[in-house]
Structures are given as C-alpha cells and as structure tokens.
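A.B. asks: Structure below; questions to follow.
The values are calculated or read from the model by the stated rules, or taken from the named source; none is laboratory data. Keep in mind that this is a model prediction, so the values were computed, not measured. Cβ placement follows ideal geometry from the backbone for every residue including glycine, while neighbour counts extend to all protein chains displayed.
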Amino acid sequence: MENNTSFNLPEIWPHQQKDGYKIYQSGSHIKANFIRVFVPDNPYHDKQGKLKLIAYLHGFGLCMPQFYEAHLEVLAKSGYYIFFPDFQKSEYPNCIVAEKRQEANIKKPHLSLWAYRAFKIATNNRSSKLNKFQPEDLFSTEEERTSQEVPTIQGNLDEPKRFDYLRTSLAVATIILIIKFIYTWFNHTYGKNLIDLISTVGFSLAHKPSEWIKDAIALTEQSWQYLCRVNPQLAQQEFDFYVFDHSLGGLLALSWPIYICGENQQKFFPQQIITADPAPNTEMGIPRIAICILKLFRSPFAIAPINISDIGSQLNIPIGIMHGADDNIVKPQSWVNTSFWQPKSNFDYIASQQKKIYFSLSNKQHHPPLIAFHNQAVTDTTYYDDALFKHFGGVKNGPNDYDNQYVWPGLSLVVEDQVRVDQLLSNFPLQTIEVKDSLPPKEWDLKLIATTILAVLALGYWLFSHFGTVFNR
C-alpha cells in the first residue's frame, strides 16, 4: 500500500488515557478490521534513538485484547508501541467495558442461529454479485454490526463469495450439532462454552489463513500511518519492528515476513520473531472432527492451510520459540520429532541459522503446581467458564510465573536488543520454573500403563473363557 492514506478518517483519533499509556482503537471484530493500539506516555528509545513497535497476534478464537491484557499493559508501560489486530471475523464486543461479560453469548441458541444464517445466505438476492454478501448484515444490534464511536481503518481482507459463507455456515452448524450430541451427556458446561467459542469465530472460517495474516499486516501498517497523522512528531521517528504471538498467531507471525508487500509495508519487516507455543500448521489444536467437517464443506480455512514445512525455507531472520513441555493443544513433539512422511522436524524446516526452541518444564512440587501448558502467554480466560479452558490450553486468572520469568522477559530482552532471540536460555530470570533448549524425555505414565495392562488381561481372560468353552464342545 502506498503512502497516500485515504481512509476518510478524522484528523483526531479519540483515545482512552490509562496509567502510563493511551489506548487507540479502530474498526470492529465482525468486519475483521478491529485493531487496538497501545501508545506509551514515555516511549522507549534504544541507543540509536529508535522507537520499538510490536505486533501482537492472538491465538485461534482469542481475538479480544482481554485475553492478553496484563502483558499488553506491561509492554505499553515499558515504552513500546503495541498493535493488537483481530485478524479473524469474530462476534466479540468492540467496547472495552463489554469485554468483561461472560454469560451473554453462552445463552445464544447457536445451532438455530447458524441454521438461520445459512438459510439467509442461501436466499440472499441472487441478482446481486456473489462477493457482495456481508455477514454483519445478519446481526441485529449496533454493537455486533460495528462500533460507531471509533474510526474505521480498512485493513486488507477481501470478502469471500456468498457460497463460501454458505458452506462455512453449514459446516459450523454441523460442528455445533455434533458437539451438542457428544457433550450434552457428560460435560454440558464444557460443550456450551466450546460451542460459544466456535460460533464466535465461525464466519472467519470462510477466509484462508493467508488472508488473515495479510489483514493483520495491513491493519498494523495503516494504523501506524493514522497514528502518525494525528501525532505528526511520530512521522519523523525511526523504529525497529518485532512480531510476538501465541498459538495459531505464532504460525502467522512466522508467516509475517513472507506476506509483506509494497514499499510501505517493508518498514514492518520484523527484526526478529519470538513466539509462544506456536502451531506448526493452521489445523493443529482444532478438534480433528471439526477439520474433517470443514474440509467436507470446502471451507476456505481448511482447504488452504499454512504449514511451516512449506514456508520455513523462506525464513532467514532470528526466530525463537518458547514452548511448554506439557502443552496438550500443540504438543512440543510436533516441532522436534520426525515421522515416516516427514523426514525433517518442523523446527528444522526453518531456514534461519539463528533460531532456537525453548521448553519450559512443569513444577508440580510448587504450591499451587505450575504446569507448562499451552496458554503460558494468555493472562485472563475469565470471559469463558473455566470448564472450557481446562481443555483448551489451561485456565489463567492472571499472570503466573511462566509469564513473569519466561514469556515476558524473553520478549523484552529481545526488543531492547539485550539478547538475540536464539541466545535467551541463560538470560531468563528463572526462580520457580526451569527452561531447557531440548525436550526432556517423556515420563512414564504408570497409571495409564497399569490400566492398559489390566484391560489387556481382562480382554484376554474373556476371549479365553469364551472361545475355550466353544472349542471344548
């Protein structure tokens, strides 16, 4: 995009003053042009006088700043400019106050809602162009349509054709039906929350992941242009740019340099990339049955995934991955193990010679136990019931030792040029947790082994008793 910012935006960008920083916001979640910018009152400058800008990419479905709020605040108070774009179409509230709600979405009749949306899309005016359908037209409240209190930066997300929305709506309705059938019987609360999460980002599945990252890049670049327009002194400032991210956002961050385009966006080519529990492909961490249904209905998200094995050869900048050894959503083995159909590990597909993967270990002797799970970078999951996040990466009701000793200092050390991202191991301020640069051997699960042996013995006894009786006849 050329530097002729023509967004028809006002000359004054309203902001909210916080303790040590300001919050600027643009767009709405459902239009996939939402971005929140954290601007420090006292910007950090390095020895060359450069500012530090960070794009902060969220995990799948974790599209609100609230999920990472404590970290965003720490970064802003440290003097960095933080850009938090929602690259998925989602139904989260745009208003900061409304982010604290919890029960409103869960009470929605999600199955009938998605069936109704599929019907409305199918019966949309067929004389109109197929790519003119707007999903926000299906929403009734102004909050869900867009926030009129903030300017709207356009981003870079092309609208899919109506049939892509139709197929995706039918797929989401089918997934919700299966979840209701499975979980109603033995974990009703978890089922309701899982349905709510999937429903909230359902329309985003009509887009390819490559479109998500292009949109995140465009929103970041355009919001900086706008910030410079309303604060002219910034336009003369040089800066270094970094990308930090979590989970699915981690893979998109690794994709960031590949999808940079145009002279203006070259300014946002990252110096280094540091990620927390990234997925090696855009399908990992999502239930297999959901992926199969999305593929069956030809949803763009599922038929055009991003894989590190495909893009890794194009990555030649310093890269660091901070993973949890007991991550059950994106298992750490998925990064370092090989397989029959993949002779190299996913980590080895990354071309950069300045790369490192770190593994935080659980400390089960600590009180309460510290578990190195998937949501190390997340700081607040209270928007949903704990029943969901017990199975979706780990419950977080605030920062813990993994944030304070591992994830947060890792990013800050890199941004302030104190340590290159592949040389962090001896620089983490560790006290209650341990971090290694190789995955420790998996501990034997004695309970599982004993249960398996008993099950095999019981099956063997039954077979012997049954067929022995038959043969004796």
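A.B. asks: Every residue in region 343-362 that is more than 21 Å from the chain's Cα centre (by Cα) and of a type outside the set (Lys, Arg), please.
C.D. replies: PRO343, SER345, ASP348, TYR349, ALA351, SER352, GLN353, GLN354, LEU361, SER362
Results for (1) free of Cβ contacts under 8 Å to residues at least 24 places away in the same chain; (2) among the polar types (S, T, N, Q); (3) outside the structural domain of PHE60 (by TED's automatic domain parsing), shown as yes or no for each residue.
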residue: GLY250; (1), (2), (3): no, no, no
residue: GLY262; (1), (2), (3): no, no, no
residue: GLN265; (1), (2), (3): no, yes, no
residue: GLU283; (1), (2), (3): yes, no, no
residue: ALA290; (1), (2), (3): no, no, no
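A.B. asks: May I pose another question? Of the conditions (1) modelled with pLDDT of 95 or more; (2) charged (D, E, K, R); (3) within 30 Å of ILE291 (Cα to Cα), ASP196 satisfies every one except a single condition; which number is it?
C.D. replies: (1)
A.B. asks: If you don't mind, there's one more thing I want to ask. Within region 134-162, restricting attention to residues that are within 27 Å of LEU194 (Cβ to Cβ) and among the hydrophobic types (A, V, I, L, M, F, W, C), which residue is modelled with the highest pLDDT?
C.D. replies: LEU157
A.B. asks: Would you check which residues across region 60-93 are of a type in the set (Asp, Glu) and surrounded by 24 or more Cβ atoms within 10 Å (Cβ to Cβ) and list them?
C.D. replies: Matches in region 60-93: ASP86 only.
A.B. asks: Now a separate question. Please find, among ALA70, ALA104, the residue that is within 30 Å of THR189 (Cβ to Cβ), at pLDDT below 85 and under 23 Å from the mean Cα position of the chain (by Cα).
C.D. replies: ALA104
A.B. asks: Which members of region 265-304 meet the condition of being buried (at least 18 other Cβ atoms within 10 Å of the Cβ), farther than 30 Å from ASP240 by Cβ and of a type in the set (D, E, K, R)?
C.D. replies: Scanning region 265-304 gives a single hit, GLU283.
For (1) under 20 Å from TYR81 (Cβ atoms); (2) of a type in the set (Phe, Trp, Tyr); (3) at pLDDT 95 or above; (4) outside the structural domain of HIS58 (by TED's automatic domain parsing), each residue gets a yes or a no:
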| position | (1), (2), (3), (4) |
| --- | --- |
| ALA216 | yes, no, yes, no |
| ALA235 | yes, no, no, no |
| HIS246 | yes, no, yes, no |
| PRO257 | yes, no, yes, no |
| ILE273 | yes, no, yes, no |
| ASN307 | no, no, yes, no |
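A.B. asks: Among helices (runs of 4 or more DSSP H) lying entirely in region 278-396, which contain 1 or more residues that are in contact with a strand residue (DSSP E or B) (Cβ under 7 Å, 6 or more places away or on another chain)?
C.D. replies: Here the list reads 308-311, 333-336.
A.B. asks: Here's something else I'd like to know. Please go through region 171-208 and give me each residue that is within 19 Å of TYR383 (Cβ to Cβ) and of a type in the set (Ser, Thr, Tyr), ordered by number.
C.D. replies: THR189, TYR190, SER199, THR200, SER204 - these are the residues of region 171-208 that are within 19 Å of TYR383 (Cβ to Cβ) and of a type in the set (Ser, Thr, Tyr).
A.B. asks: Can you report the number of residues in region 258-273 which are within 14 Å of VAL421 (Cβ to Cβ) and within 20 Å of the chain's Cα centre (by Cα)? Talk me through it step by step, then tell me what you get.
C.D. replies: Filtering region 258-273 for residues within 14 Å of VAL421 (Cβ to Cβ) gives 270-273.
Adding the requirement that they be within 20 Å of the chain's Cα centre (by Cα) leaves 270, 272-273.
Total satisfying the criteria: 3.
A.B. asks: In region 185-214, what residues are among the aliphatic types (A, V, I, L, M) and either farther than 18 Å from ILE30 by Cα or not in a helix (DSSP H, G or I) (or both)?
C.D. replies: Passing the criteria: LEU194, VAL201.
A.B. asks: Of all residues in region 163-212, which are more than 21 Å from the chain's Cα centre (by Cα), closer than 30 Å to ILE308 by Cα and without any contact (Cβ under 8 Å) to a residue 60 or more places away in the chain?
C.D. replies: PHE163, TYR165, LEU166, SER169, ILE179
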